[in-house]
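Only one structure is covered here, and it is reproduced in the block below.
Only the coordinates and a few stated rules stand behind these numbers; no lab work does. Computed from a predicted structure; not experimentally measured. Cβ atoms come from the backbone with ideal geometry, glycine included; neighbour counts cover every protein chain shown.
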Amino acid sequence: MFYGKWLVLSLMLLSFNVTSNNLETNMKLGLEYRYFPDKGKYEEQFEHHQYSTFAEAEVYWNWNNGDDLITFKPYYRYDNQDKNRSHGDIREFSYIHVDDNYEFRAGFRKEFWGVTEFQHLVDVINQTDLVEDIDGEEKLGQLMFNLSSVYKWGIVDWFLLPSFRERTFASEQGRLRAPIKVDVNNAIYQSSAKQKHLDFAVRWNHSIGNFDIGSYWFHGTNRDPVLQLSDSEINNTDGSNTQSFIPYYQQMDQFGIDLQATVDSWLWKVEGIYRHTDIDSFLAAQVGLEYTFVGALNSVIDIGFLMEYAWDARGETTNTNIGANFQNDLFIGSRLAFNDMQSSEILVGLRSDMQHNSFSLSVEGSRRMGDNYKINVDFRAFQSNEPLDAFYYLKSDNHFQVSIERFF
Amino acid sequence: MITVKQIIHSLTLVFVGLISINVQASTPEKKGLSIATEAKKQDTGWIDFTADMKMYLRNKQGQSSLCELKIKTLELENDGDKSLTLFNKPRDVKGTAFLSFSHPIDADDQWLYLPALKRVKRISSSNKSGPFMGSEFSFEDLSSFEVEKYSYKYLHDELLNNQDTFVIEQFPVDENSGYTRRVVWLDKTEYRVQKIEFYDRKDSLLKTLSYSDYKQYLNEYWRADKMVMVNHQSGKSTELEWTNYVFASGLTDSNFNKNALKRVR
């Protein structure tokens, strides 16, 4: 209901079609088709075809010579198979005031931290919109008050985060999910303030010569829930015995650091965190490098090679240890930029767990068509022989995805 | 009304003109350098500018596409310029922005802002020879001219489009450059670049860039409204159309940091 109202409002604003310099409206419409060659591993899941359509609008207004600005960005997706994937969100609805040496930002926003490509370990402000994409790059808008001050020695950001967003999960009918359904309506919290817990973060980042460095401390609700098995429930109508996962959101203190060195055609990257919760305290890191051959093979094509390694002190998931998905994993990848008029690109990534049999492959291609359309073709595959590995649940979910976006 | 500043400036021009006449007697290398130094000097002191750029990309078959950019540049006294580039078209990259701190000799510092992820990415600036947005302009073709980036050789005088010009060769110092040399035509009256020929790593003619429709700003600085780059090897071409030049609008360092990169429109 809430999102519906905002969507109507944004469409009304768009219909004014004002072309003033201070007001700007943009829109994106998309169609997406997914094909799963294998039937679902779990009986409730749909079989092969998934269609969805999505829309994102943006209304931008500034005054005082651009020193005060408001951005409103509603989003909605309709999915024909997965009711949880049919969802809306306010990606952004924020006010920014700009002064010479500081900015004040209030409202729903997205804030990204980090340098690596295959895992975004240090990125903690926004909740992951997991039904959008399992790569963790799609985020829900987060309500925040943020003061950003620019000093000679770097930029300091203070955040107060007054409300919490729960992670989205696929429905029982959906693909790319855990073996039993996640009961998103009954999440539990460590803090008695639940979703109203006031989270806090402070971050410093700076560029010194070839180095870009950032460091932060976060205190508040962990965006990553622990999925706890519920008590079994006997269904009154058919007598079946069902269980579900209950998301449990802990309180955490996290210290994070990210560093990139940019030397000639090399990028060297490090992300590290120390997380403390009531259950455990641990270190985790993602380190890697990227090298780009510019104009490879006497053409205008750039070929980039990426390699990253993930380590997590929580170790493997076992019957007695919750563990981590990327505890000892190697990622290799390649990025091809064709540098043509259509900005054609191909990105290939392969993950391999170094401790047990678990792989995933991702191929993403994109190309502009004409001036206002873009086509994306993706393929993902998963393999695992380890029943406790998160990718074991996705074994039957290899899929092709084609999407066409129209920009207005 | 002629201001004191204008008088001082015209005196400077006369004085500088005398110097450049004086150096004509030395070697072609020294003469080439002095012409380049003079051209840079004539285009120094504009403080900052903003401008809109349209880029028309055309291939051999005549298909074309349009790219629209907004550019802000801040002149620094003892270093290369700082610039911020915002993409408005094509629409799928709208909001993408590019921050660059150029340096005469050291590698430039460059950051790219990706609006979908809200991510600021430091990128390698060694990609000088690669095409900018699929156009016939490479990144180095669009970077600011600094005397230290080349060594020089004066070739000859030539009459180009009814203008007396100096023709000089420029040899890039940076080994990442995509060129062995550039041949540059500068008019003798204002030291404005009229034409550049680019020679690839095998020293064969790759591209020709022609400047036209020069306009003067602040009664001092010349900018070409039109720049056409023709690639002789691929048959493709790119035309740049510049509009809305505003000079000395009061930009400061605070318009050129990562926060500004994330909110630029």
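Using only atoms on other chains, find how many Cβ atoms lie within 10 Å of each Cβ of peptide B:31-41 and report the average.
Working: counts 0, 0, 0, 0, 0, 0, 0, 0, 0, 0, 0.
Across the residues of B:31-41, the mean count of other-chain Cβ atoms within 10 Å is 0.
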Point-to-point label distance, B:Glu175-B:Glu190, nm (Cα→Cβ direction, 7 Å offset) | 4.0
Virtual spin-label span in nm between A:Lys196 and A:Asp231, 7 Å along Cα→Cβ | 2.7
Want the number for A:Ser163 to A:Thr277: 0.36 nm per residue separation, take away the alpha-carbon distance, what's left?
-> 39.1 nm
Take the Cα of A:Phe359, step 7 Å along the line toward its Cβ, and report every residue of the range A:306-333 whose backbone nitrogen sits under 13 Å from that point.
-> A:332
Mean residue ellipticity at 222 nm from the helices of chain A, using -39,500 (n - 2.57) per DSSP H segment of n ≥ 4 over the full residue count, to the nearest 500 deg cm²/dmol?
-> -1000 deg cm²/dmol
Which listed residue (A:Gly333, A:Gln173, A:Ile279) has the Cα farthest towards the positive end of the charge dipole for chain A, taking +1 on Lys and Arg C-beta and -1 on Asp and Glu C-beta about the Cα centre?
-> A:Gln173
Have a look at A:Phe255, A:Phe338, A:Phe359 and tell me which one the Gaussian network model of chain A (Cα, springs below 10 Å) gives the largest fluctuation.
-> A:Phe338
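By its C-alpha gyration tensor, with a ≥ b ≥ c as the square roots of the eigenvalues, how is the range A:29-186 shaped: rounded for a/c under 1.5, else prolate for a/b larger than b/c, else oblate? Don't skip to the answer; put the middle values down first.
Values: a/c = 2.69, a/b = 2.04, b/c = 1.32.
Prolate.
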The range B:190-231 to the range A:168-239: how many Å between their Cα centroids?
-> 56
Max mean-square fluctuation residue, GNM over chain A, Cα-Cα springs under 10 Å, options A:Ala296, A:Ala178, A:Ala201 = A:Ala296
Roughly how big is the protein assembly as shown's charge dipole about its Cα centre, with Cβ charges of +1 (Lys, Arg) and -1 (Asp, Glu), in debye to the nearest 20?
-> 1260
With +1 at each Lys and Arg Cβ and -1 at each Asp and Glu Cβ, the charge dipole magnitude of chain B around its Cα centre, to the nearest 20 debye, comes out at 1140
Nearest-20 debye value, the range B:164-249 charge dipole, Cβ charges on Lys, Arg, Asp, Glu | 160
With axes computed from alpha carbons, what is the tilt in degrees of helix B:28-42 against the longest principal axis of chain B, rounded to the nearest 10 within 0 to 90?
-> 60
Can you find, among A:Ser163, A:Ala106, A:Gln127, the residue farthest towards the positive end of the dipole of the range A:106-235? Put +1 on the C-beta of Lys and Arg, -1 on that of Asp and Glu.
-> A:Ala106
Each label point is 7 Å from the Cα along the Cα-to-Cβ direction; what then is the distance between the points at A:Phe379 and A:Ile257, in nm?
-> 4.1
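Restricting to lysine pairs 8 or more places apart or on different chains, what number in the range B:21-106 have Cα atoms under 12 Å apart? Could the numbers behind the result be given before it?
Values: B:Lys54/B:Lys70; B:Lys54/B:Lys89; B:Lys70/B:Lys89; B:Lys70/B:Lys94; B:Lys72/B:Lys82.
Eligible lysine pairs with Cα atoms under 12 Å apart amount to 5.
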Going toward the positive end of the dipole of the protein assembly as shown, with +1 on Lys and Arg Cβ and -1 on Asp and Glu Cβ, which of A:His48, B:Ile47, B:Gly178 do you reach last?
-> B:Ile47
Of the listed pairs A:Lys194/B:Lys258; A:Lys28/A:Lys83; B:Lys128/B:Lys195, those with alpha carbons more than 29 Å apart are A:Lys194/B:Lys258
Whole-number D in µm²/s for the range B:4-263 (Stokes-Einstein; Kirkwood sum over Cα pairs; 37 °C, 0.692 mPa s) = 169
To the nearest Å, what is the center-to-center distance of the range A:257-275 and the range B:55-123, using C-alpha atoms only?
-> 23
What is the order of A:Tyr248, A:Tyr393, fewest Cβ neighbours within 10 Å to most?
-> A:Tyr248, A:Tyr393
Percentage, to the nearest whole number, of Cα pairs in the protein assembly as shown over 49 Å apart | 21
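Please find the FRET efficiency linking A:Asn298 to A:Glu137, where r is the Cβ-Cβ separation and R0 is fixed at 22 Å, and quote it to the nearest 0.05.
Working: r = 34 Å, r/R0 = 1.55.
Given R0 = 22 Å and the Cβ-Cβ separation, E is 0.05.
Determine the equivalent ellipsoid of the range B:144-265 by diagonalising the alpha-carbon gyration tensor, then write out the semi-axes as square roots of 5 times the eigenvalues, largest first, rounded to whole Å. Intermediate results must be reported in sequence, preceding the final value.
Working: eigenvalues 154, 82, 51 Å².
After diagonalising the Cα gyration tensor, the semi-axes are 28, 20, 16 Å.
If contacts are Cα pairs under 8 angstrom and at least 6 residues apart, what is the relative contact order of the range B:4-263 in percent? Can you show the working numbers first?
On the way: 547 pairs, mean separation 49.6, N = 260.
Rounded, it is 19 percent for the range B:4-263.
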Gaussian network model of chain A, Cα within-10 Å springs - most flexible of A:Ser281, A:Ser232, A:Ser384 | A:Ser232
Round to the nearest 10 and give me the degree value, 0 to 90, for the angle of helix B:4-22's Cα axis relative to the longest principal axis of chain B.
-> 60
Would you mind classifying the range B:22-99 by shape? Square roots of the alpha carbon gyration tensor eigenvalues, ordered a ≥ b ≥ c; an a/c under 1.5 is rounded, otherwise it is prolate if a/b is larger than b/c and oblate if not.
-> oblate
